[in-house]
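**Student:** Sharing a structure here in structure tokens format.
The values are calculated or read from the model by the stated rules, or taken from the named source; none is laboratory data. Please read all numbers here as calculations on a predicted model, not as lab measurements. Heads up, the Cβs are rebuilt from the backbone with ideal geometry, glycines too, and the neighbour counts pull from every protein chain shown. Just so you know, the surface numbers come from the protein's heavy atoms only, side chains and all, with ligands and any DNA or RNA stripped out. Shrake-Rupley method; radii C 1.70, N 1.55, O 1.52, S 1.80 Å.
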Amino acid sequence: MPHFTSTEIAGRIEDLYGAPLADLEAHAQDQPPGMLSALLGMHNDLVLAERGIDVHRDHLARLLHPERQLDRHEVSHLLDGARRIAEAVAVRDAQTTSVSAVLQSLARVPAPAPPAPTSSPPAPAPPRPAQSTARSH
């Protein structure tokens, strides 16, 4: 399965629902929980995981700066940062897989076609002449 970013997932949700993500989030707040709420929640979790990856990667990059000396104390920070990145990557991958599978199973429903003009019912057939029960000679 390809790796999608939160931006790509947001685009797929917008395509599915035919509206910008911000509008969908506002709409979902006024609705009972449903598929849209679930997709938006999964997307938010994906965004948080991606942010976590960035934050912890930047922190590790500062710790591993070539001009910086590592002591015992900083080694524990390196290990903790690596663990946190691994957790964020696992969350990101799980969320991406789940939301992608859900989106793949859904299709946008086309807008209902306007009703066909109703034609008036056919005119009733003219009454048939009454048949006489008398015998003709």
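**Student:** Rank-order 62-73, 89-100 by packing density, defined as the average count of other C-beta atoms within 10 Å over each peptide's residues, highest first.
**Tutor:** Result, highest mean Cβ count within 10 Å first: 89-100, 62-73.
**Student:** Carbon and sulfur together cover what percent of the accessible area of region 25-87 at a 1.4 Å probe radius?
**Tutor:** Details: 2500 of 4460 Å².
Solvent-exposed carbon and sulfur of region 25-87 make up 56 percent of the total.
**Student:** Okay, moving on. Counting only the heavy atoms of the protein chains, how much of ASP58 is accessible to a 1.4 Å probe, in Å² to the nearest 10?
**Tutor:** Ignoring ligands and nucleic acids, ASP58 comes out at about 80 Å².
**Student:** If you count only protein heavy atoms with a 1.4 Å probe, what accessible area per residue comes out for region 5-44, rounded to a whole Å²?
**Tutor:** On the way: 2200 Å² over 40 residues.
That works out to 55 Å² for each residue.
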